[in-house]
Amino acid sequence: MATLEIRDLHVSVLTDEAPKEILRGVDLTVSSGETHAIMGPNGSGKSTLAYSLAGHPKYQVTSGTVSLDGEDVLAMTVDQRARAGLFLAMQYPVEIPGVSMTNFLRTAATAVRGEAPPIRKWVKEVKEAMAGLEIEPEFAERSVNEGFSGGEKKRHEILQLELLKPKIAVLDETDSGLDIDALRVVSEGVNTYQANNNGGVLLITHYTRILRYIKPDAVHVFSAGRVVESGGAELADELETNGYVRFTSGATV
Ligand SMILES: Nc1ncnc2c1ncn2[C@@H]1O[C@H](COP(=O)(O)OP(=O)(O)O)[C@@H](O)[C@H]1O
Ligand SMILES: [Mg+2]
């Protein structure tokens, strides 16, 4: 049982001019086996929250706390966070020319698990996960994300998720740019990860359609850098009907 606790988190982004405050007091708790959806308009700070949790150097925490099972996440380096069981699937996955998927995955799994997985077991594990996500075998030899379509990049994020088995997964717009078949495959991947590992999922999304496949226990509306309302799955239905207007009028980012 793991719990990620975010308390009154304030974050500024470093720009060429003065630092700009983006997160303005985020409170959120995600535990093993739970799925929390964060929904909000463009520019409300959703990706900033994801990057801050991952430890991106451009995002400076000015106050507040983040803990994983009581351990201070903000005091950890990026790789310590990963080893502690935090995972981030980025909205815009980076390309790493010259590093094959297969080397990348094995290196990451070795780092996170603390030892190299036995080769035969590993090969089988990767093969099965790739098949489940409908990723062609030849992708294993391609450079990480290089020349991948948007949908292929997203499927590889979920492949990492399934292989790294984090305690808490933060998925930033994993649904964006997916056609309906890819959306189903990716959603099933997230559900498989969660079922196999009792994972906690923080699902950041702009649209409600992914919530047809991944059932949230809680929905949080994000506006101007904080959670402004929380509810059950019915809150997503309301957003589908009415949009974000009720939450954004008068708000400044
Ligand atoms: N590196 C950056 N430099 C300047 N502004 C940034 C940077 N990152 C984020 N911002 C600003 O922070 C706000 C929130 O962005 P973001 O977290 O990406 O929102 P969302 O993911 O909800 O669309 C936006 O106004 C964006 O322009
Ligand atoms: Mg974003």
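The values are calculated or read from the model by the stated rules, or taken from the named source; none is laboratory data. In this text, all values refer to a predicted model and were calculated from it rather than measured experimentally. Quick reminder, even Gly has a Cβ in these numbers, built from the backbone with ideal geometry, and neighbours come from all protein chains shown. When the accessible area is computed, the model is the full protein with side chains, heavy atoms only, and any ligands, DNA or RNA have been set aside. Shrake-Rupley method; radii C 1.70, N 1.55, O 1.52, S 1.80 Å.
Sorted by packing (mean other beta-carbon atoms within 10 Å per residue), highest first, where do 179-188, 48-57 land? Provide the component values of the computation, followed by the final result.
Values: 179-188: 16.4, 48-57: 21.0.
Final packing ranking: 48-57, 179-188.
What percent do you get for the relative contact order of the chain when only Cα pairs under 8 Å and 6+ apart count?
On the way: 487 pairs, mean separation 68.7, N = 253.
Value for the chain: 27 percent.
Taking the Cα-to-Cβ direction at Ala131 and at Ser63 and moving 7 Å from each Cα, how far apart do the two end points lie in nm?
5.5 nm
What's the lysine pair count for the range 3-248 at a Cα cut-off below 16 Å, pairs eight or more apart or interchain?
Details: Lys20/Lys46; Lys20/Lys58; Lys46/Lys58; Lys121/Lys165; Lys124/Lys165; Lys127/Lys165.
Summing the qualifying lysine pairs gives 6.
Once the Cα gyration tensor of the chain is found, what semi-axes does its equivalent ellipsoid get, as square roots of 5 times the eigenvalues, in whole Å, sorted largest first?
Values: eigenvalues 169, 88, 61 Å².
Semi-axis lengths for the chain are 29, 21, 17 Å.
May I ask you to give the solvent-accessible area per residue for the range 3-248, in square angstrom, as obtained with a 1.4 angstrom probe?
Values: 11290 Å² over 246 residues.
The answer is 46 Å² per residue.
Roughly how big is the range 3-248's charge dipole about its Cα centre, with Cβ charges of +1 (Lys, Arg) and -1 (Asp, Glu), in debye to the nearest 20?
Computed charge dipole of the range 3-248: roughly 420 debye.
At 0.36 nm per residue, and after removing the present C-alpha to C-alpha distance, how many nm does the segment from Arg113 to Asp217 gain when stretched out fully? Write down the numbers at each step before the final one.
Working: separation 104, 0.36 × 104 = 37.44 nm, distance 2.87 nm.
Between Arg113 and Asp217, full extension yields an extra 34.6 nm.
Could you sort the peptides 127-137, 196-206, 4-14 by per-residue average Cβ neighbour count (10 Å cutoff), highest mean leading?
Details: 127-137: 15.1, 196-206: 21.1, 4-14: 18.4.
Ranking the peptides 127-137, 196-206, 4-14 by packing returns 196-206, 4-14, 127-137.
Starting from the Cα of Glu229, move 7 Å in the Cα-to-Cβ direction to define the label point; list residues of the range 184-223 whose amide nitrogen is under 14 Å from there.
Flagged as within label range: 219-223.
Quote the FRET efficiency, to the nearest 0.05, computed for Arg24 versus Arg209 with a Förster distance R0 of 25 Å and r equal to the Cβ-Cβ distance.
Once the sixth-power term is evaluated, E becomes 0.30.
For the range 1-128, which whole-number percentage of the solvent-accessible area (1.4 Å probe, protein heavy atoms only) is attributable to carbon and sulfur atoms? Walk me through the intermediate numbers first.
Details: 3490 of 6570 Å².
Here it works out to 53 percent.
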